[in-house]
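Peer 1: One structure, as structure tokens, below. Some questions next.
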């Protein structure tokens, strides 16, 4: 394939060390890590508000999620361990609150609820609570709840209102060049390498971008740019509740930690907002909230915590998780020598941002492949 001709206005710019496609958590977290290690970085983002980070509830739940022992659990546990220092760094760089809250996660069980996989072998704390012990930990659970697993090391972050703004500010302040409103429409290739990115950047009329290395971190849209990274959208609907005027003093704040149910998770924020999530729908990129989706969230939430029936609906929204066939991310090298991948994080994108940034920066800048990368190679998907 013939390399596309460069426009004169592009030739006037120095090519960055790394050019990142995408404006979500993986793109921004990795951009910041690369920049703090001395690399010049440019981010191309079509619309960062479409990122899965805006559709997540912000749980950091490798244990409550019930992940089987193996590379994915290891990756998630390592990222959870990075979170306190990573968010503290963002706060130090920007002066903004990241919304990190190590509140623990409670996984209520009904009579027919199967137990999660055994995790004590990882030295992770977990307790089974019932009766008075459960009442002391969390009063007001539904009558059908027979007990709960308590994961004190799991946590949460207020991703939409706190984490993403803090990370974006850190990226801006670090010197990363961030071009919003730029959609990459084609990755030009020649002899096993990326030669340029073609965009529809109408604002600046720059249609071709080049760099020393490229990172594809476009979330649910990744598969449309590279066949070897078959990532597809999985829609999730979410909503937020707040105490109704006049009854707040009677029912108070019902939750002191996250509740992780089989078909619902209930995530209390420290200011009293309650986030409910999320449906899981294979509907391509169909937008919007539906009556069925909102009904599911409310029904399951009130079953777990009846007091929420007195709350007002504050907001509803939706988004698209990036999913792969085996529900594991694609990390590290690609079929193209100068293109790396960071996509397909599915349900654990918020959790995996710190470890993804660290592993990808090691790989891109030093050629250092973490042992865990082997389990997340693009080749495993058979393309």
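Peer 1: Hey, does the stretch 259-279 have a residue that's assigned to a loop (DSSP other than H, G, I, E, B), surrounded by fewer than 16 Cβ atoms within 10 Å (Cβ to Cβ) and either in contact with a helix residue (DSSP H, G or I) (Cβ under 7 Å, 6 or more places away or on another chain) or in the same structural domain as residue 224 (by TED's automatic domain parsing) (or both)?
Peer 2: yes
Peer 1: So, one more: Give the number of residues within the stretch 17-63 that are surrounded by fewer than 24 Cβ atoms within 10 Å (Cβ to Cβ), part of a helix (DSSP H, G or I) and modelled with pLDDT under 95.
Peer 2: 4
Peer 1: What's the number of the condition residue 92 fails, among (1) part of a helix (DSSP H, G or I); (2) crowded, with 17+ Cβ neighbours inside 10 Å?
Peer 2: The number of the failed condition is (2).
Peer 1: Only one residue in 328, 336, 352 is assigned to a loop (DSSP other than H, G, I, E, B), surrounded by 17 or more Cβ atoms within 10 Å (Cβ to Cβ) and in contact with a helix residue (DSSP H, G or I) (Cβ under 8 Å, 6 or more places away or on another chain). Which one? Explain how you work it out, then say what you get.
Peer 2: Working: 336 fails: in contact with a helix residue (DSSP H, G or I) (Cβ under 8 Å, 6 or more places away or on another chain); 352 fails: assigned to a loop (DSSP other than H, G, I, E, B).
Within the list 328, 336, 352, the selection yields 328.
Peer 1: Return the total of residues in the stretch 355-383 being surrounded by 15 or more Cβ atoms within 10 Å (Cβ to Cβ) and in a helix (DSSP H, G or I).
Peer 2: Residues flagged as surrounded by 15 or more Cβ atoms within 10 Å (Cβ to Cβ) and in a helix (DSSP H, G or I) within the stretch 355-383 amount to 17.
The values are calculated or read from the model by the stated rules, or taken from the named source; none is laboratory data. Everything numeric in this text was worked out from a predicted model, so none of it was measured. With ideal geometry, Cβ positions are generated from the backbone for all residues, glycine too; neighbour counts draw on all protein chains shown.
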